[in-house]
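Enquirer: Got a structure for you, questions after.
Quick note: the coordinates plus some simple rules give every number you see, no bench work behind them. Just so it is clear, the model here is predicted, and its values are computed rather than measured. Note: ideal-geometry Cβ built from the backbone for every residue, glycine included; neighbour counts use all protein chains shown.
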Amino acid sequence: MERKVKKIFEAQDNIQAEMVLEALRNNQIPAYKKGVGSADIMNIYGGNSFYGEDIYVAEEDSARAAEVLLGMGLEAAESR
């Protein structure tokens, strides 16, 4: 079964992205991040990137993920 993904959040940097991913994992919501622009290379060379990271979840998990983000004081990409 193929699952469609949805961008749920635009993190400012790698550190914020990892915090969001950990919160989603703790709520049993599978998620992954994808670097914006040169973010992936900057993460390798500098340990962090200020280009940003996009967080993705399965479409069926997006409502639960938005609730987790809200609990962190963050706003989901879909509600901006």
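Enquirer: Per residue of the stretch 5-11, what does 6.51 cos²θ - 1.76 cosθ + 1.60 with θ = phi - 60° give for ³J(HN,Hα)? Whole Hz please, x for Gly and Pro, Karplus curve as stated.
Expert: 9, 9, 6, 10, 7, 10, 6
Enquirer: Please list 3-12, 19-28 highest first by mean number of surrounding beta-carbon atoms within 10 Å per residue.
Expert: 3-12, 19-28
Enquirer: Taking H as built 1.01 Å from N, whose amide H comes closer than 5 Å to the amide H of residue 13, not counting residues under 5 places away?
Expert: Amide H neighbours of residue 13: 53.
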